[in-house]
Amino acid sequence: MLKVMKIVIQNLRSLSLILTIPLLNIFYFLLNNPQRGAYSLVTDLDHYIPFVKEFIIPYVIWYFYIFGTLVFLCLKDKKVYYRTILAIDIGLLICYVIFFAFQTHVPRPLLVGDDIFTKLVALIYSHDQPYNGFPSIHVLLSFLMIKGINKYQERNLWNMSIVYLIGILIILSTVFVKQHVVLDVLAGIIIGNVIFDLVYCLDMEKTRAMLKKPASMLLVSKKGEISVFIDRKKE
């Protein structure tokens, strides 16, 4: 136990970056309303997808899944962790811009029953308005966890199976509990894939070095014209 606490303390600064997710989530609640109008993206395929209340379990597990996977990556592979966090934050900001400009509405089924699954669905429905659907943040972040574990250098069948299985179940749960439609899922996956690949291609150390390197200066002439002088000695 003491060893675990020591490891957590040593990584506390890095782990604190996870807090950017709930901080950015403030925008989610501010935008989760139909004040700007709401569109429907329901397709014929969505009508064929049944409401399966049992899928509320993986839907709720999402919160622990994201936190647990990020902590694992932070302790095991900082490079992957930092890039995954950056991809998440960029992805969330993109989602909020879309929510503001193109708000959608997801129709919900009438809940019947008094079992634990129905009660959980009712609880989620009561705390989350049927807006902010396109793209699905549940899908976006789950897919980013899958992308992240794929980049983990010491990945194995065990940790990959856990991340993949839970992630896929969560993605499926979004349509089975009628929190999202198919297009929400596709948008979440596409945006997540593009953002993660772009972020991961960035060489952060080289970029940081270039920003610190005084390679050029702006020269202003008497006529007000601006020219660039390259200091070759610095290259």
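The values are calculated or read from the model by the stated rules, or taken from the named source; none is laboratory data. Worth saying up front: this structure is predicted, and the values here are computed from it rather than measured. Reconstructed Cβ throughout: ideal geometry from the backbone, glycine too, with neighbour counts over all protein chains shown. Each accessible area value is taken on the protein alone, full model and side chains, heavy atoms only, with ligands, DNA and RNA left out. Shrake-Rupley method; radii C 1.70, N 1.55, O 1.52, S 1.80 Å.
Tabulated data
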{"quantity": "Check on I116, over 19 Å from I166 (Cβ atoms), open to solvent by 10 Å² or more (accessible area, probe 1.4 Å) and touching a Pro at 6+ places or on another chain (Cβ under 9 Å)", "calculated": "no"}
{"quantity": "Selection status of H127, open to solvent by 50 Å² or more (accessible area, probe 1.4 Å) and within 14 Å of V60 (Cβ to Cβ)", "calculated": "yes"}
{"quantity": "Among (1) within 17 Å of K147 (Cα to Cα); (2) open to solvent by 30 Å² or more (accessible area, probe 1.4 Å); (3) of a type in the set (A, V, I, L, M) - the single one L12 does not satisfy", "calculated": "(1)"}
{"quantity": "Within segment 149-233, helices (runs of 4 or more DSSP H) holding 2 or more residues that are at negative phi, open to solvent by 50 Å² or more (accessible area, probe 1.4 Å) and modelled with pLDDT of 95 or more", "calculated": "157-176, 182-201"}
{"quantity": "Any hit, segment 70-85, residues being of a type in the set (S, T, N, Q), touching a Phe, Trp or Tyr at 6+ places or on another chain (Cβ under 8 Å) and part of a helix (DSSP H, G or I)", "calculated": "yes"}
{"quantity": "Selection count where residues are more than 17 Å from M160 (Cα to Cα) and either aromatic (F, W, Y) or out of contact with any helix residue (DSSP H, G or I) (no Cβ under 6 Å at 6 or more places or on another chain) (or both), scope segment 62-87", "calculated": "4"}
{"quantity": "Flag if I85 is within 23 Å of V182 (Cα to Cα) and among the hydrophobic types (A, V, I, L, M, F, W, C)", "calculated": "no"}
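This table checks each residue for (1) within 15 Å of the chain's Cα centre (by Cα); (2) buried (at least 19 other Cβ atoms within 10 Å of the Cβ); (3) among the acidic types (D, E); (4) farther than 25 Å from T118 by Cβ.
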| position | (1), (2), (3), (4) |
| --- | --- |
| D44 | no, no, yes, yes |
| F51 | no, no, no, no |
| I94 | yes, no, no, yes |
| V97 | yes, no, no, yes |
| Q103 | no, yes, no, yes |
